[in-house]
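*Asks:* Provided herewith is a single structure, encoded as structure tokens, for subsequent inquiry.
Rule-based calculations on the coordinates, nothing more; no lab input. All values derive from a computational prediction rather than experimental measurement. Please note: Cβ atoms are built from the backbone with ideal geometry, for glycine as well, and neighbour counts cover all protein chains shown.
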Amino acid sequence: MKIPFWFMIAALACAGCKKSDPAAKTGSGGSASEEESATVADDGSPVALKVKWPVGNRYTQRMEMKGDTKTPVAQQKVELNQEYTITVLRERTNGGRELELEFQATEMDVTVNGKPVVNLDTRAEAGGAEASNPVTAGFREIVGAKITLLMDASNNVEKVEGVQQFLAKASRSGNPQGRAAMQGIFSEQYFKQLVDFGRGFPQQPVKPGDSWPLQFDVEAPMLGTIKLDLNNTFKGWESRENRKCAAIDFNGTMNSKGGPNAGAMGMRMTIEDGKLSGKTWFDPQLGTAVETRMDQDMVMHISRAARTNLAGASPALQTMTNQTKQIVVIKLVELEAAAK
């Protein structure tokens, strides 16, 4: 099974969240109505897009991904949903925050040429098909696993604690292939991306119509360094989940350029002609986003060494080219605000 390209999603835009009052609740995976997305009037004044981490808040976030990959011999469809909480434990002496990340649940469905090959819901009993899959056991093991992230005053991650313990838990029930998959997906960089919400925001206040560029690199297993070149535009004010939100469109390109992380798990993957587009609804009053939607379209080349021949010569590389399309939605299921 191809590992979904979901481990880098959170680095691209703000993760979503909303208050847990009745007026703000929606069904899991639901979308806002046309009326709810209508433009909200404003006076055109500049606004600061600044992430806030109030001590005591607990955010339950949900990431939903649908992917479609076409190869010369097969078509694979993946639906992957994951929920996790982020709790703001305390303020640090440097003005930053200490966060605790805890994984709650994973749902995954994979089909190849229309035939189901993976069906996982960690909130339900394991099915018989899971026993033959090297990856699914790891997702069950990480339910309840925790990671500590130490943030500085600018909301940048200074340190990630508990990664080795997390990986040990994630890989203890799998075979060697499953353990390699878990170690390939979950890394220090992955956990940083889940809380690096403000990377795409400008330092200065912005008003509707303003645009700003964003270029940065992401380290990913097998792909090495992924270079992203994006443009962001503050389109105006819209209502989302009954919140007045700054609607921010983004689009751009992504390509991989190798690096120390390329070639993990015996494979080397490169991205060609990668395109990104999407939208974030950010509530400046709450200091967080309500929702982010992203569309990805890329050509991916996967190279794997062929078996060594009888003469003992070095194996040649076998390369397969995939066309991958993905839709990713990141939002909050619930926010438990700190007691006043």
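*Asks:* Relative contact order for the range 55-196 using alpha-carbon pairs under 8 Å, separation at least 6, rounded to a whole percent?
*Replies:* Working: 295 pairs, mean separation 25.5, N = 142.
After rounding, I find 18 percent.
*Asks:* Separation between the V55 and D109 pseudo-spin-labels, each 7 Å from Cα along Cα→Cβ, expressed in nm?
*Replies:* 4.5 nm
*Asks:* Turning to a different aspect of this structure: Please order F139, F186 by the number of other Cβ within 10 Å, starting at the fewest. Each step should come with its number before you reach the end.
*Replies:* Details: F139 25, F186 22.
With the sparsest Cβ surroundings first, the list reads F186, F139.
*Asks:* Within a 10 angstrom radius of the beta carbon, how do M182, M65 rank from fewest other beta carbons to most?
*Replies:* Working: M182 26, M65 21.
Least crowded to most crowded, the residues run M65, M182.
*Asks:* Based on the Cβ-Cβ distance from K227 to Q318, what FRET efficiency comes out when R0 is 25 Å, to the nearest 0.05?
*Replies:* It comes out at approximately 0.45.
*Asks:* Hey, another quick one. Rank by packing, highest mean first: peptides 118-126, 191-199, 293-301, with packing defined as the count of other Cβ atoms within 10 Å averaged across residues.
*Replies:* The packing order, highest mean first, is 191-199, 293-301, 118-126.
*Asks:* Out of all Cα-Cα pairs in the range 55-196, roughly what percent, to the nearest whole number, are more than 27 Å apart?
*Replies:* Above the 27 Å cut-off, the range 55-196 has 28 percent of its Cα pairs.
*Asks:* Computed FRET efficiency, Cβ-Cβ of D210 and T148, R0 56 Å: what is it to the nearest 0.05?
*Replies:* Using R0 = 56 Å, I get an efficiency of 0.95.
*Asks:* At 0.36 nm per residue, and after removing the present C-alpha to C-alpha distance, how many nm does the segment from E336 to D68 gain when stretched out fully?
*Replies:* Full extension from E336 to D68 adds 93.0 nm.
*Asks:* Under a point spin-label approximation (7 Å from Cα along Cα-to-Cβ), what is the V299-D43 distance to one decimal in nm?
*Replies:* Each label point lies 7 Å from its Cα, and together they span 5.2 nm.
*Asks:* When the chain is fully extended, how far beyond the present Cα-Cα distance does E79 get from S277, taking 0.36 nm per residue of separation? Write out the running numbers ahead of the final one.
*Replies:* Working: separation 198, 0.36 × 198 = 71.28 nm, distance 1.94 nm.
Between E79 and S277, full extension yields an extra 69.3 nm.
*Asks:* Provide the packing ranking of 52-60, 201-209, 235-243, i.e. peptides ordered by the mean count of other C-beta atoms within 10 Å per residue, highest first.
*Replies:* Result, highest mean first: 235-243, 52-60, 201-209.
*Asks:* What distance in nm separates the two pseudo spin-label positions at Q177 and N156, each 7 Å out from Cα along the beta-carbon direction?
*Replies:* Going by the 7 Å Cα→Cβ label model, 4.1 nm.
*Asks:* How much length is gained on full extension from E91 to K325, taking 0.36 nm per residue of separation minus their Cα-Cα distance? Numbers along the way, then the final one.
*Replies:* Working: separation 234, 0.36 × 234 = 84.24 nm, distance 4.02 nm.
Answer, rounded to one decimal: 80.2 nm.
*Asks:* Let me check I've understood the local charge: for M294, count other residues with C-beta under 13 angstrom from its C-beta, Lys and Arg +1, Asp and Glu -1. What total comes out? Working shown, then result.
*Replies:* On the way: positive: K66, K275, K279, R293, K325, K331; negative: E64, D249, E291, D295, D297.
In short, +1.
*Asks:* What translational diffusion coefficient, to the nearest whole µm²/s, does the range 33-124 have by Stokes-Einstein, given a Kirkwood radius computed over alpha-carbon pairs, a temperature of 4 °C and 1.567 mPa s viscosity?
*Replies:* D, rounded to a whole number, is 74 µm²/s.
*Asks:* Let me ask another. With the calculation restricted to Cα positions, what are the radius of gyration and Dmax of the range 151-234 in angstrom?
*Replies:* Rg and Dmax of the range 151-234, Cα atoms, are 16.9, 53 Å.
*Asks:* So which of K169/K192; K66/K275; K50/K192; K77/K279; K146/K235 end up more than 28 Å apart by C-alpha?
*Replies:* Check vs 28 Å cut-off fails for K146/K235.
*Asks:* Taking the Cα centre of the range 80-222 as origin and charging only Cβ (+1 Lys, Arg; -1 Asp, Glu), how large is the dipole, in debye to the nearest 20?
*Replies:* 140 debye
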